[in-house]
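First the structure, in the form of structure tokens, and then the observations on it.
Values in this text are rule-based calculations from the coordinates and carry no lab data. This structure is a prediction, so every number in the text was calculated from the model and none was measured. Here Cβ is always computed from backbone atoms with ideal geometry, including for glycine, and neighbour counts include all displayed protein chains.
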């Protein structure tokens, strides 16, 4: 039965597939896909290296603190960081008292609700609080940044490239795709998927943020620092993960060598192995 | 079952003797994976992957049960509870990465196990039932993995669930009501997430049950081997313990090294960045792709782009995608060659490698955007896939002239078999 019907089923699917193939090929030849501005002008993220890269890389805590400063002074106006708590900042090298002060002085407050009176109000942030929600009424919807470096391909390089990638629309693009002119209120950036985004360049001039450690706050440096900070917000356990990984691999390697030797020993009296 | 020369379990300690009388569990283990199970002496490292698959299943169950203690199956907080596991639960990041990459590791191992079966025709009599149960396990694994991927409720979770449950809508007449009934709504939402979580917890134990049947069925005829020649005498076998426990131990070590290297140093390499964006029914991702282990079948689904007579393209795609796996059920009867091992089947061997490359191409196309040239390539590759199993394999089995087989496993390993000489010349 199987051998009788099998070939017919196989030929049925094969003919249907070739029919689809023929139609697809016909369309591909008669109506080749038109080129798009996104396809031709979108750029892959720039090459950029971070202290935490690679199996031996570790976070540079001074850089994370600088990046946090950039987030605090610039990004936090529009972007929330809801998966991170103030207490987590101690991992960047801040003391408990400093974290307490950062939380207390944070501009956006925690909303409160009194169930007895029905009053809504706000209070200062505490170290145990997560960063408060940021509500943005303007054009576009600023994404939460907690996971942004894991939520984009080559995330850290993407963040860095986007921040340093603002430019005027190339004349070549406008000549080839007159309809692709950046709409009013949007900003051209070749590192953004559809080339135009609502966010204006957030880092516009050197010295926009004052670093306390003396590092020159160039746009390039600030972009790199905030990208490094966002690697940490997305994967705060990165250092511990790699540290654990080396211990685990070391143990497994030793165990595997022993397993190999015992296998050799066990099989030594059997021919052919 | 066992061969007549199998070792017998003789408990020496009084407690073990007592236990053996009341509940012979140690005897059961001894006969299953101990010295009481004679196994062909010539198994190569491809025979490690059955045990490895079992290890993966246990790993997934253990990490999964702990993750379920911290996860909340509610569309409002599912994503946040996953991040809570990653940040605030002790070693939660390790458990979650172990579970997510454990699924990938499980599929890698099982694909090797399946292709081992293809090459050495492990599906042939008397081992058809082992094969059939294996295909059932694979189908259950696919369902479990799909539902597990939905749980973090990221963008790919949501849109993957939407696409796959949408397949039921392709069934004529009852499709749409069936889809709504299964989802508990018009689109994946709270009801769907809750039942997916429930089933994702249940199915691994169903898999465990079928695995027990799979291993039970294996112990009836005993393990196959690379020559495909059945065991003839004691010199063809060695006891499972210590020979294969030692060999599997080494294989397990190598497997764990690779798995942990990914887990600790590239845990997101096999995932999709979009799943770190919370599910948003109002925003469709640019490319909806499932996890890598579904790519070959996803490519087959998408390869049907034109209606075929009165059958809509979508229904054809769904039929073909399921048939691509269901056809494995019929393998024992499609491949009629009396020779099992691909090592002695020159023509079959060539087509096996074509199939292997074909499935890799399908996998690549399934992960690529649904655009040319990937669709046209997957159409050709899918055509070969069906022709391979349903036309080429039966044809090859009937026209091929196999190479001479060794008399026995012993002869294949040692170059000579004294037992063979005895039985060939009883007078000598």
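With the simple spin-label model, which puts each label point 7 Å out from Cα in the Cβ direction, the residue A:139 to residue A:246 separation comes to 5.0 nm.
With the helix formula -39500 (n - 2.57) applied to DSSP H stretches of n ≥ 4, the protein assembly as shown reaches a computed 222 nm mean residue ellipticity of -17500 deg cm²/dmol.
Along its three principal directions, the equivalent ellipsoid of chain A from the Cα gyration tensor extends over semi-axes of 44, 37, 23 Å, largest first. For chain B, with a Gaussian network of springs between Cα atoms less than 10 Å apart, report the residue from B:28, B:348, B:389 with the top mean-square fluctuation. Residue with maximal mean-square fluctuation among B:28, B:348, B:389: B:28.
Residue-normalised convex hull volume from the C-alpha trace of the stretch B:30-138: 141 Å³ per residue.
Considering chain B as a Gaussian network with a 10 Å cut-off on Cα pairs, which listed residue, B:391, B:238, B:211, attains the greatest mean-square fluctuation? Result: B:391 has the largest fluctuation of those listed.
Here the relative contact order of the stretch B:289-409, from alpha carbon pairs under 8 Å that lie six or more residues apart, stands at 38 percent.
Structural descriptor for chain A: relative contact order 23 percent, calculated from alpha carbon pairs under 8 angstrom and at least 6 residues apart.
Taking other Cβ atoms within 10 Å as a rough exposure proxy, B:345, B:87 sort from fewest to most as B:87, B:345. Rounded to the nearest 0.05, what FRET efficiency do residue B:174 and residue B:401 have when you use their Cβ-Cβ distance and R0 = 35 Å? With R0 = 35 Å, the Cβ-Cβ based efficiency is 0.10. Mind pulling the angle between the C-alpha long axis of helix B:78-87 and the longest principal axis of chain B? Nearest 10 degrees, somewhere in 0 to 90. The two axes meet at around 60 degrees. Return the whole-Å distance between the Cα centroid of the stretch B:66-144 and the Cα centroid of the stretch A:176-242. First find each Cα centre; the distance between them is then 37 Å.
Rounded to 0.05, the FRET efficiency of the residue A:215 and residue B:28 pair, given R0 = 60 Å and the Cβ-Cβ distance, is 0.35. Using only Cα atoms, find the angle between the long axis of helix B:49-70 and the longest principal axis of chain B, and express it within 0 to 90 degrees, rounded to the nearest 10. So the inclination is approximately 40 degrees. What translational diffusion coefficient, to the nearest whole µm²/s, does chain B have by Stokes-Einstein, given a Kirkwood radius computed over alpha-carbon pairs, a temperature of 10 °C and 1.306 mPa s viscosity? The Stokes-Einstein estimate is 66 µm²/s. Model label points for residue B:62 and residue A:23, set 7 angstrom from Cα along the Cα-to-Cβ axis, are 5.1 nm apart. For chain B, the longest principal axis of the Cα atoms and the long axis of helix B:245-265 meet at an angle of about 20 degrees. For chain A, a Gaussian network of Cα nodes joined below 10 Å ranks A:212, A:52, A:80 by mean-square fluctuation, and the top entry is A:212.
When the label point is put 7 Å from the Cα of residue A:171 along its Cα-to-beta-carbon vector, which residues of the stretch A:185-203 have a backbone N closer than 18 Å? Correct set: none at all. When the inverse distances between all different Cα atoms of the protein assembly as shown are averaged and flipped, the Kirkwood radius reads 29.4 angstrom. Note on residue A:73 and residue A:1: the extension gain reaches 18.5 nm, defined as 0.36 nm multiplied by sequence separation minus the Cα-Cα distance. Summarising the label geometry, the points placed 7 Å from Cα in the beta-carbon direction at residue A:181 and residue A:208 lie 2.7 nm from one another. Could you run the Debye sum over the Cα atoms of the stretch B:72-214, one equal point scatterer each and no solvent, and tell me log10 of I(q)/I(0) at q = 0.13 Å⁻¹, two decimals? Log10 I(q)/I(0), no solvent term: -0.71. Starting from a Cα-only point model with no solvent, please compute log10 I(q)/I(0) by Debye for the stretch A:1-125 at q = 0.11, 0.17, 0.20 1/Å. For the stretch A:1-125, the Cα-only Debye profile gives -0.71, -1.08, -1.22. On the basis of the beta-carbon distance and an R0 of 25 Å, residue B:360 and residue A:15 show a calculated FRET efficiency of 0.55.
Here the mean projected area of the convex hull built on the C-alpha positions of the stretch B:289-409 is 8.9 nm².
Of interest is the spacing of the C-alpha centroids, which for the stretch B:203-217 and the stretch B:376-405 amounts to 31 Å. Cβ crowding within 10 Å ranks A:123, A:87 as A:123, A:87, fewest other Cβ atoms first. Normalised by residue number, the volume inside the convex hull of the Cα atoms of the stretch B:240-355 is 224 Å³ per residue.
The stretch A:84-105 and the stretch A:1-47 have Cα centres separated by 55 Å.
Using only the C-alpha atoms, the convex hull of the stretch A:167-251 corresponds to 171 Å³ per residue.
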